[in-house]
Amino acid sequence: MRWPALALAAILLGATPSGARPAPADERKDDAKPAPVTAVKRDVLAEGQHWRLVTPRGPIHVWRPAGYRQRGAGIVLYVHGYHVSVDQAWDLFKLAAQFRESKQNALFIVPEAPLGRDDRVKWPTLGKLLQTVARGTKLTLPRGHVVAIGHSGGFRTLASWLDYRWLDHLILLDALYANDPEFEHWIDIDARKEQRKMVIVADDTRAKAEAFVKKLKHAARRKGIPLAASELRKRERRARVLFLDSQYKHNEMVQNGKVIPLLLRTTRLRLL
């Protein structure tokens, strides 16, 4: 990995860094209580409802699209990479606009994450994060599919969420730097594996991602990211693991507004 000195330089220069279910709850009882929410700001953004929650673990952005329907809705979590805070990622990557472009009937949640290798994971327990969101927004969380997207150093947070029972779709955006055994267990060994899917997009992590995919029986590969989900072949759409060899650079894939909406349209979330 390349570790630039300044956060904005890292961003601008492209440096590395099913069905209904019970309400989201923490799988680990010792950390089941939500974190305190000390301030809430609500506004309209990208034609949807936006909340910014302030917590001791950092801000959380929550976005609900216009036309959202509680019945059948899912949850999408986006975890940013190193050298950028959640507020910077939210604004610079125009995440609300990207979520709107995906046209998915979901509640979108963007929490704070480590800013560097020496920083701790802010939300090691997904259930605690979801409960905190429910308390801060006063929303009833949807019970559909749970999709987690991690860019770059966001893999550390995603790896800590793998024991959350209802997480069923992972999208690693140039993020497979470590924790290979845990991700392999989640997709290929765990008893619920048939219900899970993983998409691996690689630029800087290409060599590591290729080695990871070679070990899996249910993987499909594609050179380049298509412009539309309809361009994916039948085998690529059905694969439990899809490896996309990206034509976009490390930060370009989260900045250009093309990749995140496209990949969300390949999930089992429902369209608005």
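Coordinate-derived values only; no laboratory data. The structure presented is a predicted model; accordingly, all values stated were derived computationally and were not measured. A quick note on method: Cβ atoms are made from the backbone with ideal geometry, for glycine too, and the neighbour counts reach across all protein chains shown.
If packing is taken as the mean number of other Cβ atoms within 10 Å per residue, what is the order of 246-254, 49-57, highest first?
246-254, 49-57
Give me the distance in nm between label points sitting 7 Å out from Cα along the Cα-to-Cβ direction at K103 and L271, one decimal.
The two pseudo-label positions are separated by 0.5 nm.
Ranked highest first by the average count of other Cβ atoms within 10 Å around their residues, in what order do 148-156, 259-267, 69-77, 216-224 fall?
Going from most to least packed, we get 148-156, 259-267, 69-77, 216-224.
Starting at the first residue of the range 172-177, write each ³J(HN,Hα) from the Karplus equation 6.51 cos²θ - 1.76 cosθ + 1.60 with θ = phi - 60°, in whole Hz, x for Gly and Pro.
My calculation for the range 172-177 gives 9, 8, 6, 10, 8, 8 Hz in order.
Kindly state, as a whole number, the per residue volume in cubic angstrom of the convex hull around the alpha carbon atoms of the range 157-249.
99
Would you calculate a helix-derived [θ] at 222 nm for the chain, using -39,500 (n - 2.57) for each DSSP H run of n ≥ 4 and dividing by the full residue count, to the nearest 500?
Rounded to the nearest 500, the figure is -7000 deg cm²/dmol.
How big is the gap, in Å, between the Cα center of the range 152-185 and the Cα center of the range 93-108?
If you average the Cα positions of each part, the centres end up 21 Å apart.
May I ask what percent, to the nearest 5, of DSSP beta bridges between residues of the range 31-264 are antiparallel? Please list the in-between numbers first.
On the way: 16 of 46 bridges.
Roughly 35 percent of the beta bridges in the range 31-264 run antiparallel, per DSSP.
To the nearest 0.05, how large is the calculated FRET efficiency for R233 and T140 if R₀ is 41 Å and r is the Cβ-Cβ distance?
FRET efficiency, R233 to T140: 0.60.
Multiply the residue gap between E182 and K215 by 0.36 nm, knock off their C-alpha separation, and tell me the result in nm, one decimal place.
Extra length available between E182 and K215 comes to 10.5 nm.
At R42 and R120, where each label point lies 7 Å from the Cα along Cα→Cβ, what is the point-to-point distance in nanometres?
About 3.2 nm separates the two model spin labels.
Normalise the Cα radius of gyration of the range 146-190 by 2.2 N^0.38 Å (N = residues in it) and let me know the number.
On the way: Rg = 9.5 Å, N = 45, 2.2 N^0.38 = 9.3 Å.
Normalised by 2.2 N^0.38 Å, the Cα Rg of the range 146-190 equals 1.02.
Apply the Karplus parameterisation 6.51 cos²θ - 1.76 cosθ + 1.60, with θ equal to phi minus 60°, to every residue of the range 197-213 and state each ³J(HN,Hα) to the nearest whole Hz, in sequence, with x for glycine and proline.
9, 9, 10, 10, 9, 10, 10, 5, 9, 4, 4, 5, 5, 4, 5, 5, 5
Normalised by the residues of the range 31-264, what does the relative contact order come to in percent, with Cα pairs under 8 Å and at least six apart?
Value for the range 31-264: 18 percent.
Please report the equivalent ellipsoid semi-axes of the chain, computed as sqrt(5 x eigenvalue) of the Cα gyration tensor, largest first, in whole Å.
25, 22, 19
What value does the range 87-146 have for Rg/Rh, both radii from Cα atoms and Rh as Kirkwood defines it?
0.99
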